[in-house]
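Read the figures in this text as sums done on the coordinates, not as results from a lab. The shown structure was predicted, so the numbers you read here are calculated from the model rather than taken from an experiment. Every residue, glycine among them, receives a Cβ derived from its backbone with ideal geometry; neighbour counts consider all protein chains shown.
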Amino acid sequence: MIADDRKNKTAMSEITLTLRQGARGRVQLPGSKSLSNRALLLAALATGETHLTGLLASDDTAVMIDCLRRLGVSLTPDADPLAAASQMRILGVHSQFPNLGSLAEPIDCFVGNSGLTIRTLLPALVASMSLQSSHGVQADGCVLLRGVARMHERPIGDLVDGLRAVGAQIDYLGEPGYPPLRVRSAVLPAAEVLQVRASTSSQFLTGLLQAAPVLGCQWRMPVRIVVEGALISRPYIDLSIGMLADFGVQVAEPLPGTFVIPPAHLVVQPQPTASQGLIPSDIHTPTASTAFVSPGRLAVEGDASSASYFLGAGLLGGGPLRVCGVGQKSRQGDIHFADALGRMGAEVVWGDDFIEVRAGQRSADGLPVIQGIDLDCNAIPDAAMTLVPIALYAQGPSRLRNIGSWRVKETDRIAAMAAEARKLGASVEEGPDFLVVHPPSRLETAAVQTYDDHRVAMSFSLVSFQHSGDLPPMPHPAPTPPNTPAPPAAPAGKQPPSTSPLRTVTILDPGCVAKTFPDYFDAFAAVAAQAVPVIAIDGPTASGKGTVAAQVAQALGFFYLDSGALYRLLALKSLSLGIDPRNEAALAELAQGLDIAFSGVQIHMDGTDVTEAIRAEAVGNCASEIAAWPQVRRALLRRQRDFARGPGLVADGRDMGSVVFPQATTKIFLTASAQVRAERRFKQLIDKGIPARLEDLLADLQARDHRDSTRSVAPLRYVEGSGVVYLDTTSMTIPQAVEAILRAFRSSESA
């Protein structure tokens with residue numbers, strides 16, 4: 001159940017992104033928001049059970065699911081609870097929502113800030129109420145539709161006017177023309193035509209197209225919809241028509257802007273019963289016709305709008321970067337964002353279910369050459385936002401036209417993108433339906449306000465790529481802001497060059513990306529990490545992986561990440577605050593805000609040197625316990641990936657190769673017998689003057705091994721044949737182990 005103030009996002013207040021020099025590899029897109037919410041509503045209205053796969057897990061889908069459940073639809077997740085929306089089984093209600101409430105006790109539906117949810121659910125409610133009222137059922141139904149404050153500023157008057165014109169009973173509960181709304185049952189008499197203005201949002205037309213088959217069931221005649229005036233974002237209408245076809249409805253367009261939906265299907269459908277959980281037994285259910293027929297199983301393709309950020313990263317970061325989940329066969333208009341990148345200098349490769357982008361040309365300083373663009377963005381209204389940060393890297397101005405719909409989205413996106421681009425040093429011309437971006441000679445360090453708009457946050461993450469006005473690339477870049485790694489001690493005889501502070505960009509309220517892409521910043525960090533060589537060393541506690549990894553990093557001149565230190569830092573902080581190690585949510589929130597800094601072998605937290613403090617046995621035991629929590633591991637995922645930067649990284653831990661760096665150049669599973677590991681730990685403690693008992697240490701190690709290998713998330717196990725090099729150091733010296741890993745790395749590099 002979704003509370004009114006639901007913010008299904010992380011507790012992060014900000015993310016600081018340091019300079020990235022590349023992006024490559026591949027990324028699997030989450031499901032399309034547009035397709036997910038359309039499929040959810042049509043499956044709910046259909047006859048039969050629909051199994052949706054690839055469904056987006058986000059705030060927008062969560063509010064649609066919650067609204068449908070409040071209206072009596074049975075939706076059952078068919079997946080891991082942490083990704084509950086990825087698969088869903090939906091029992092259709094045959095166009096008749098079972099729970100419509102009453103004037104005395106209305107059904108209260110909270111839509112958050114999801115424009116697609118309210119604009120498609122409203123017509124569906126009107127049609128379902130009319131169908132049932134025509135049968136004398138739930139004739140006093142009453143449903144409230146409301147959202148967050150910004151939703152109450154987003155216009156819906158054109159849609160309401162179109163529905164009221166054919167008899168719908170819809171009341172404004174606040175300012176006329178805007179939510180919140182009250183919808184009351186009313187029988188809609190057969191109408192020769194439904195008219196709607198769709199110059200503000202194509203979603204108004206989508207809502208009517210999806211409701212028309214239900215009205216056709218009642219009216220027993222084709223339903224004609226006529227668009228008055230201009231129709232924006234036409235590709236989204238084609239997307240809706242394609243989805244309707246999946247549910248058995250063929251939409252004709254005899255004239256531009258005129259759509260005809262045929263009469264209901266003639267089928268023989270068994271009478272549902274209350275025991276099936278479909279509809280109350282006293283509701284009349286037509287068995288000779290149905291508005292929608294379930295396709296049975298339907299896969300939701302990846303989100304083309306979300307693809308734009310990674311395609312942009314492929315250009316700015318050089319690539320090649322392959323985005324999987326959409327391709328040349330996609331129905332989504334936003335795939336043509338890749339065509340815009342081609343005009344700006346990208347090389348684009350198309351597959352049936354992937355798009356790959358790389359820089360076409362590079363300048364003398366090695367950076368991708370970006371050209372300015374003049375583009376009518378009507379066909380790609382959401383993805384076009386990503387062109388703004390890319391335009392900051394161009395050799396000339398970029399003009400984005402026909403973007404008036406940005407004004408009435410999650411925020412006034414024209415104003416927002418202009419304001420934040422100016423912070424970064426650009427000169428921006430802003431008009432009613434256009435932007436002109438004049439790129440700066442250099443980008444400024446800035447904190448980007450996101451306005452609770454997911455696309456603002458994701459778009460401006462791209463300005464973390466190196467710009468021509470930044471300092472030249474360094475062989476050993478030394479990040480200086482807090483929460484970023486510093487280079488390891490240089491090999492003997494070599495000193496890393498000194499560097500000045502590098503430009504950063506801070507994304508404020510990054511959790512707003514949960515609206516469509518909750519794991520965006522983790523995925524973004526992953527493609528940046530794939531641009532540099534990574535050696536991932538995993539193994540049980542006291543196997544010597546830390547000592548070996550540090551020496552491998554020193555031999556190669558790479559950065560070094562002791563991932564266990566992050567969990568120990570979290571453990572130390574939680575112990576100092578008295579947080580219960582079983583309180584997963586509190587620990588995850590704490591992990592997001594850790595103030596940590598690495599300087600060689602020294603580790604600081606909150607400005608205090610805690611290098612020795614985190615090695616205490618109590619801290620280690622606590623770290624092992626809290627590392628089993630999925631939310632904690634997710635909270636630290638991006639921070640670990642951000643350690644991967646040129647010239648390379650050596651990372652040790654327990655899930656470096658399996659989760660954090662799955663595309664690592666070299667993966668090592670380093671271990672030793674429990675007895676030898678206990679003896680090594682015993683010697684370390686005694687050498688430091690810390691009393692210890694070998695028997696106790698062995699018992700602790702065995703307990704940790706059991707926890708690490710049996711935890712539900714990223715268990716520590718060696719899988720033969722997985723491409724991971726197994727290295728048993730029971731009878732090895734440290735130099736021998738280091739040399740074995742260096743050989744494996746050289747072999748991987750030459751493969």
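With respect to the chain, whose longest principal axis is taken over its alpha-carbon atoms, helix 234-246 is tilted by about 80°.
Based on C-alpha pairs under 8 angstrom that are at least 6 apart in sequence, segment 532-751 has a relative contact order of 34 percent. Computed from Cα atoms, the angle from the helix 115-134 axis to the main principal axis of the chain rounds to 40 degrees.
Let me make sure I get this right: for segment 518-594, a, b and c are the square roots of the gyration tensor eigenvalues over alpha carbons, sorted descending. Under 1.5 in a/c it's rounded, otherwise prolate if a/b > b/c, else oblate. Which is it? Judged from the Cα gyration tensor, segment 518-594 comes out oblate (a/c at least 1.5, b/c at or above a/b). If you take the square roots of the eigenvalues of the alpha-carbon gyration tensor of segment 670-724 and sort them as a ≥ b ≥ c, do you get rounded (a/c under 1.5), prolate (a/b over b/c) or oblate? Prolate is the answer for segment 670-724, as a/c is 1.5 or above and a/b outweighs b/c.
Counting Lys and Arg as +1 and Asp and Glu as -1 over every other residue whose Cβ lies under 15 Å from the Cβ of Val369, the net charge comes to +1.
Relative contact order, whole percent, for segment 382-431 stands at 30, derived from Cα pairs under 8 Å and 6 or more residues apart.
Please report, in whole Å³, the volume per residue of the convex hull around the C-alpha atoms of segment 43-202.
Taking only Cα atoms, segment 43-202 has a hull volume of 117 Å³ per residue.
Pairs exceeding 24 Å between alpha-carbon atoms, taken from Lys329/Lys409; Lys545/Lys667; Lys573/Lys683; Lys545/Lys688; Lys33/Lys409; Lys545/Lys683: Lys329/Lys409; Lys573/Lys683.
The residue among Phe745, Leu575, Leu637 whose Cα reaches farthest toward the positive pole of the charge dipole of segment 532-751, with charges on the beta-carbon of Lys, Arg, Asp and Glu, is Phe745. For segment 532-751, DSSP calls about 25 percent of its internal beta bridges antiparallel.
Please arrange Thr729, Thr120 by how many other C-beta atoms lie within 10 Å of their C-beta, fewest to most.
Thr729, Thr120
Note on the chain: helix-only mean residue ellipticity at 222 nm, from DSSP H runs of 4+ residues weighted -39500 (n - 2.57) and normalised by residue number, equals -10000 deg cm²/dmol.
Rounded to the nearest 10 degrees, the inclination of helix 520-529 to the longest alpha-carbon principal axis of the chain is 40 degrees.
Placing unit charges on C-beta atoms (Lys and Arg positive, Asp and Glu negative, everything else neutral), compute the dipole magnitude of the chain about its Cα centre in debye, rounded to 20.
Using only the charged Cβ atoms, the result is roughly 900 debye.
Counting only Cα atoms, segment 312-433 measures 39, 36, 20 Å along its principal axes, largest extent leading.
Geometric descriptor of the chain, per residue, is 169 Å³ (volume of the convex hull of the Cα atoms).
Over every pair of different alpha-carbon atoms in segment 532-751, take the mean of 1/r and invert it; report that Kirkwood radius in Å.
Across segment 532-751, the inverse of the average 1/r is 17.7 Å.
Footprinting exposure proxy ranking of His135, His467, fewest other C-beta atoms within 10 angstrom first, gives His135, His467.
When all alpha carbon pairs of segment 23-74 are counted in 5 Å bins from zero, the resulting P(r) reads 4, 19, 27, 23, 11, 6, 4, 3, 2, 0 %.
May I ask you to sort Cys109, Cys377, Cys142 by Cβ crowding, counting other Cβ atoms within 10 Å and putting the fewest first?
Taking fewest neighbouring Cβ atoms as first place, the list is Cys142, Cys377, Cys109.
Antiparallel as a % of all DSSP beta bridges within the chain, to the nearest 5? Just about 55 percent of them are antiparallel. Shown here: segment 129-200, whose C-alpha atoms stretch 38, 26, 13 Å along the first, second and third principal axes, sorted largest to smallest.
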